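The values are calculated or read from the model by the stated rules, or taken from the named source; none is laboratory data. Model, not experiment: these values are computed from the prediction. Note: ideal-geometry Cβ built from the backbone for every residue, glycine included; neighbour counts use all protein chains shown. For the accessible areas, the whole protein counts, side chains as well, though only heavy atoms, and no ligand, DNA or RNA atoms are used. Shrake-Rupley method; radii C 1.70, N 1.55, O 1.52, S 1.80 Å.
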Amino acid sequence: METKILSATKKDIAAAGEIIKNGGLVAFPTETVYGLGANALDEKAVKSIFAAKGRPSDNPLIVHIAEKEDIYPLVKEVTPEAKALIDAFFPAPLTIILKKSNIIPYATSGGLDTVAVRMPKNETARALIKASGCPIAAPSANTSGLPSPTKAQHVIDDMTGKIDAIIDGGDCDYGVESTVITLAADVPTILRPGAVTKEMLETVLGRVEVSRAVLSGMAENETASSPGMKYKHYSPKAQLVLVEGAKKRFEEFVNSRKNAFALCFEGDDIKIPHITYGSESDDLSQAKELFDALRRLDEAGAVKVYARAPRKNGVGMAVYNRIIRAAAFRVIDLTKTFVFGLTGQTGAGKGFVGEALKTFGFNVIDSDRISRELTDRGSPVLSVLQAEFGADIVNGGELNRALLAQRAFSSRERTDELNRILHPAIIERCKKEAKGLCVIDAPQLFEAGLEKDCYKIIAVVAPRETRLERIILRDGITEKNALERINAQLSEEYYIKNSDFVIVNDGKTDVKSAVKEIIDEIL
Ligand code: TXA
Ligand code: MG
């Protein structure tokens, strides 16, 4: 099919109106995003919209009208709440859901008994509806699943050859789709946030709810109040991760990433390849630029993208709703401490993994260092240790660590004793030091019960022979002592069973790329 590119002139709009009258498909500008329009009352035409977009047929379309009174034939009843919203806002980036009348085909309503109606503000859109002489059903004019089109070029990219015509009306003002509010529920509920904000709707309706699915994902087997919520949305080809946290934390985090892109605000100090979407203080600018930015990331060949999170209220709610979907709900929250656990058998080479994690921006908290600090000269812990392991482990006020290790690690029972004395204090200190993205390097992570506080656990294991050699070399101890230590530890099976990731450091593994693989999976 040849797709005509039209302009927003009277003549072209009239021609486009004819196409729609005759059951064809025309993409047109609105103040939110470009729509892909067909006669809303013509079942066959409506079905061709679903085909052109590759859209699931149970996802209902919005019916666009040119005048306020045009809503009456489409719905069973214009309720007082609907009337109040129409009077206060229409024409606007606002869609109202009501019980449908019989003239709306089920193809348009996705099989539902309700219909979504919107009177756009955009003059070209309304002129087209008038020229068509019918209400126009129009979803966003993108291929299903891709970011919505906010520029004519986006529509050309997605729809050329699939539809009759595209009216080029320049860039869309808002850049995110309309607010969708249902008045068919007990309490007016926002199903999709947009430029008409919850705060604005409340001034007219009083109480307005926001569907839980707006800011978070839907639980599996939860039924969607708006079918559109359950589908994958706005997804660039790149894997997007939404990063919560203030500017500075975001910059630090992103600048420590390698082979990644950032989706950030203007003025953010980003040292890796990046694309901006608006400015931090202006959520309208974010809305306007987001979808284009997502498309540009793909054009730039981004594979992994860390996106700075917008705020969640005002128009920010609409931006957040789109971006968290684009990220398929992958979120890293830097305002919370992001604690990873690193553990493993003695001699397995945990240290190398810790070093590798540092290069990925992790702050490594070394529990051995904390343990040493806690047993420094003059520490009250020393006398407790002496009572348990013998007075001679302290010499001239100084702890003889080698001697303590020899005694404490000689059997499981003795190790447990040492842990009982040291662990509570070590845990407290670890927690105090944990900030942002960090990993607690703790050989005794499980024994101390620290795993409960860890987001993900990485364990390092190695063959027994290898560990034995390493320990003897590293600590200059006898083979007998080294074996005792190894035997006092948890088994390899235990680490494998209780960790999220296991690195087998047998000398052949490239630790850095093993760590990178893990990071790619979780960050
Ligand atoms: O700004 C907009 O609303 C744009 C422009 C073109 O007007 N249109 C748009 O349409 O975004 P679309 O189809 O991409 O999104 C419509 C959303 C979908 O999530 C759909 O599930 C929901 O509205 N929806 C439509 N009718 C509904 C109904 N009867 N009940 C619940 N949700 C409905
Ligand atoms: Mg859409």
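One residue stands out among those in region 130-148 that are aliphatic (A, V, I, L, M) and open to solvent by 10 Å² or more (accessible area, probe 1.4 Å): the one that is nearest to the chain's Cα centre (by Cα), which is 146. So, in region 393-425, of the ones that are open to solvent by 20 Å² or more (accessible area, probe 1.4 Å) and among the β-branched types (Val, Ile, Thr), which residue ends up farthest from residue 381 (Cα to Cα)? Going through the qualifying residues, I end up with 394.
Residue pairs whose Cβ atoms lie under 6 Å apart, sitting 6 or more positions apart in sequence or on different chains, and linking a residue in region 270-295 that is at positive phi to a partner that is open to solvent by 60 Å² or more (accessible area, probe 1.4 Å) and not in a loop (DSSP other than H, G, I, E, B), are 278/289. If the condition is being within 14 Å of residue 168 (Cβ to Cβ), buried (at least 18 other Cβ atoms within 10 Å of the Cβ) and touching a strand residue (DSSP E or B) at 6+ places or on another chain (Cβ under 7 Å), then region 14-32 contributes 16, 26, 27, 28, 29.
Listed conditions (1) surrounded by 20 or more Cβ atoms within 10 Å (Cβ to Cβ); (2) within 11 Å of ligand 1 (Cβ to nearest atom); (3) among the small types (Gly, Ala, Ser) are all met by residue 107, apart from (2).
Scanning region 99-142 for residues that are touching a helix residue (DSSP H, G or I) at 6+ places or on another chain (Cβ under 6 Å) and not in a loop (DSSP other than H, G, I, E, B) gives 100, 107, 108, 115, 117, 127, 128, 131, 132, 136, 137. Summed over region 26-42, the residues that are within 13 Å of ligand 2 (Cβ to nearest atom) and of a type in the set (S, T, N, Q) give a count of 2. The C-beta contact set for region 17-45 (first residue in contact (Cβ under 8 Å) with a residue 12 or more places away in the chain and of a type in the set (A, V, I, L, M, F, W, C), second residue open to solvent by 10 Å² or more (accessible area, probe 1.4 Å) and assigned to a strand (DSSP E or B), distance under 6 angstrom, 6+ apart or interchain) comprises 20/39; 33/140; 45/39. Residues that are of a type in the set (Val, Ile, Thr) and over 16 Å from residue 183 (Cα atoms) within region 33-83 comprise 33, 46, 49, 65, listed in sequence order.
Please work out if residue 145 is within 16 Å of ligand 2 (Cβ to nearest atom), in a loop (DSSP other than H, G, I, E, B) and either among the hydrophobic types (A, V, I, L, M, F, W, C) or more than 25 Å from residue 88 (Cβ to Cβ) (or both). The answer is yes for residue 145. From the list 82, 38, the lone residue that is within 15 Å of ligand 1 (Cβ to nearest atom) and part of a strand (DSSP E or B) is 38. The lone criterion from (1) buried (at least 16 other Cβ atoms within 10 Å of the Cβ); (2) closer than 30 Å to residue 506 by Cβ; (3) at pLDDT below 95 left unmet by residue 342 is number (3).
With respect to the conditions (1) part of a helix (DSSP H, G or I); (2) of a type outside the set (Lys, Arg); (3) touching a Pro at 6+ places or on another chain (Cβ under 9 Å), residue 346 falls short on a single one, namely (1).
Per-residue answers, yes or no, for (1) of a type outside the set (D, E, K, R); (2) touching a His at 6+ places or on another chain (Cβ under 8 Å); (3) modelled with pLDDT of 95 or more:
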residue: 12; (1), (2), (3): no, no, yes
residue: 25; (1), (2), (3): yes, no, yes
residue: 28; (1), (2), (3): yes, no, yes
residue: 31; (1), (2), (3): no, no, yes
residue: 47; (1), (2), (3): no, no, yes
residue: 57; (1), (2), (3): yes, no, no
residue: 60; (1), (2), (3): yes, no, yes
residue: 67; (1), (2), (3): no, no, yes
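Could you tell me whether any residue of region 77-92 is within 16 Å of ligand 2 (Cβ to nearest atom) and either buried (at least 17 other Cβ atoms within 10 Å of the Cβ) or in contact (Cβ under 8 Å) with a residue 12 or more places away in the chain (or both)? No, region 77-92 contains no residue that is within 16 Å of ligand 2 (Cβ to nearest atom) and either buried (at least 17 other Cβ atoms within 10 Å of the Cβ) or in contact (Cβ under 8 Å) with a residue 12 or more places away in the chain (or both). Among the residues of region 483-497, those identified as open to solvent by less than 60 Å² (accessible area, probe 1.4 Å) and in contact (Cβ under 8 Å) with a residue 24 or more places away in the chain are 484, 485, 486, 488, 489, 490, 495. For residues that are basic (Lys, Arg) and more than 22 Å from residue 132 (Cα to Cα), scanning just region 158-203, find the one that is farthest from ligand 2 (Cβ to nearest atom). Ranking the candidates gives 198 first. Screening 276, 335 for residues that are surrounded by fewer than 23 Cβ atoms within 10 Å (Cβ to Cβ), touching a Leu at 6+ places or on another chain (Cβ under 9 Å) and not hydrophobic (A, V, I, L, M, F, W, C) leaves exactly one candidate, 276. For residue 56, state whether it is within 13 Å of ligand 1 (Cβ to nearest atom), farther than 17 Å from residue 191 by Cβ, open to solvent by 20 Å² or more (accessible area, probe 1.4 Å) and not aliphatic (A, V, I, L, M). Considered against the rule, which asks whether it is within 13 Å of ligand 1 (Cβ to nearest atom), farther than 17 Å from residue 191 by Cβ, open to solvent by 20 Å² or more (accessible area, probe 1.4 Å) and not aliphatic (A, V, I, L, M), residue 56 comes out as no.
Selection over region 135-169 of residues that are under 22 Å from residue 315 (Cα atoms) and away from ligand 1 (no atom under 13 Å from the Cβ) gives a count of 1.
For the residues 254, 319, 305, the requirement of being among the β-branched types (Val, Ile, Thr), modelled with pLDDT under 95 and open to solvent by less than 10 Å² (accessible area, probe 1.4 Å) singles out 254.
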